[in-house]
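The structure appears right after this line, and notes come after that.
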């Protein structure tokens, strides 16, 4: 039996085994439990990286077969992100310490460092160790002499005075753990200026690979997501967590400890707008480029804007579902999902909800409920926007170029694509209004704090459920994890309602993380849409309602006062 080291100062306590069928999108909310920093976009300038892969251990039975493949994809991704990369593979202790020493020397003349380690690792009591290729400890007493202490390495990087990212993707080490009486890595030391990422949560052993060939799921997702232009590194890791949790059916949840004190964007958005159409070579040389998103240089493609929400206007009748969606029990984001509505099925529209983009419908089984405009409409028609289209062809009005996907109105089961007549691309909306002391930016800060509280509540609901913190899966595939209260009903207790903070995951991948009141999304929070755009600010009854900031998937943003997806202060 593998002995698991209890993590010290663990942000996430050990959980019960998670064995369930994957229904919809699994989100690893544990990844970002710590509240994010709200500083400026991270350093520009020289970047150096060290990739260590130890996959051949002659003195041990454990061998991480995927180490070499992991290193190859990370070297390529880091070079794309502008790092000068040194790779050290299958190195003994002396060579590993020497590589780290040379890296620290290079880091002294750089602005940002990145260390990636894949190989064996083990936790013993209060210490965590990375195993060089020549390590062959007979017991726990040999580890300080034959292995590298992770906290010592982090302390040396902290003392360099340079910001660094440290990523640890260990392989399964059951045989090593049995030999030394240890277990999985525990929580590392907290060090200012460092961003530490584990492929697995502290105290949880690595998940055995389904195949020894190819790249480990965590590293494959990280290499893919970290080079997406204009995406903060924390957001990239959130997407990595989704991917890894899905592939492992919840057994593997990445973890981070962010002490950078600033937002890190590895590939600036302007790089995507200015680069030539030809794809760069995978072995491209490191580029000197800024990590700052230069908003004064607009992308060449049409930019995304919030869709203009109008009152639905169409006669009752039979309509075809244009996009797979969910039938809800009431017209509000976070409502209970009654049934799935596959694309192509028929529903009968009974009436339109006076405000917003909701429709009351009856499905083919006779169930009444509500759908969003995105379920029945592939796009808003021109010149008079309709909330849904009848069966048959609807001609769209003239448009400029290829329309980009719009961030959906809050509660839409799928994004709404708009086609509007225009003679020139719309510039980035309202970036100048995002003043440091503006009400929209202040609301965004409150929303991010609420997001952190919601993720903490969701983690407790999963790991330590009680009468207040628990999880509930709805029949339509949605899931809520967070705080609840018992409502009053006459002289007794009524049904539980969501109250406080929590995370709501839609079956289609859309998420809300923030405050709840009276079983509705009300207060401050963050809604993340399926195309990567998000709104951070004030919500009321499941819709953006008040100050906040829309962040578009292409890197643009609009700060102001909102109602639904309409900005009121323009």
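The values are calculated or read from the model by the stated rules, or taken from the named source; none is laboratory data. Since the structure is predicted, the reported quantities are computational estimates derived from the model, not experimental observations. Note that each Cβ is placed from the backbone with ideal geometry, even for glycine, and that neighbours are counted across all protein chains shown.
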Exercise for review: Residue by residue through region 257-268, note down the ones that are in contact with a helix residue (DSSP H, G or I) (Cβ under 9 Å, 6 or more places away or on another chain) and within 17 Å of residue 231 (Cα to Cα).
Suggested key: 258, 260, 263, 264, 265, 266, 267
Review point. Can you name the number of the only condition in (1) in contact with a strand residue (DSSP E or B) (Cβ under 9 Å, 6 or more places away or on another chain); (2) outside any loop (DSSP other than H, G, I, E, B); (3) modelled with pLDDT of 80 or more that residue 230 fails?
Key: (2)
Exercise for review: Kindly establish whether residue 354 is over 29 Å from residue 497 (Cα atoms) and either at pLDDT below 80 or buried (at least 21 other Cβ atoms within 10 Å of the Cβ) (or both).
Suggested key: no
Point to revise | Test set (1) on the phi > 0 side of the Ramachandran plot; (2) touching a helix residue (DSSP H, G or I) at 6+ places or on another chain (Cβ under 8 Å) - residue 515 fails condition number | key: (1)
Exercise for review: Go over the candidates 173, 135, 121, 140 one by one and state the one that is in contact with a helix residue (DSSP H, G or I) (Cβ under 9 Å, 6 or more places away or on another chain) and under 17 Å from residue 200 (Cβ atoms).
Suggested key: 121
Exercise for review: Could you please let me know if residue 208 is out of contact with any strand residue (DSSP E or B) (no Cβ under 6 Å at 6 or more places or on another chain) and either in a loop (DSSP other than H, G, I, E, B) or buried (at least 22 other Cβ atoms within 10 Å of the Cβ) (or both)?
Suggested key: yes
Check your understanding: Does residue 525 satisfy the criteria of being touching a strand residue (DSSP E or B) at 6+ places or on another chain (Cβ under 7 Å), in a strand (DSSP E or B) and under 22 Å from residue 555 (Cα atoms)?
Key -> yes
**Study point:** Check on residue 458, surrounded by 22 or more Cβ atoms within 10 Å (Cβ to Cβ), assigned to a helix (DSSP H, G or I) and assigned by TED's automatic domain parsing to the domain that holds residue 440
**Key:** yes
Exercise for review: Check residue 477 against each of (1) under 23 Å from residue 231 (Cα atoms); (2) at pLDDT below 85 and name the one condition it does not meet.
Suggested key: (1)
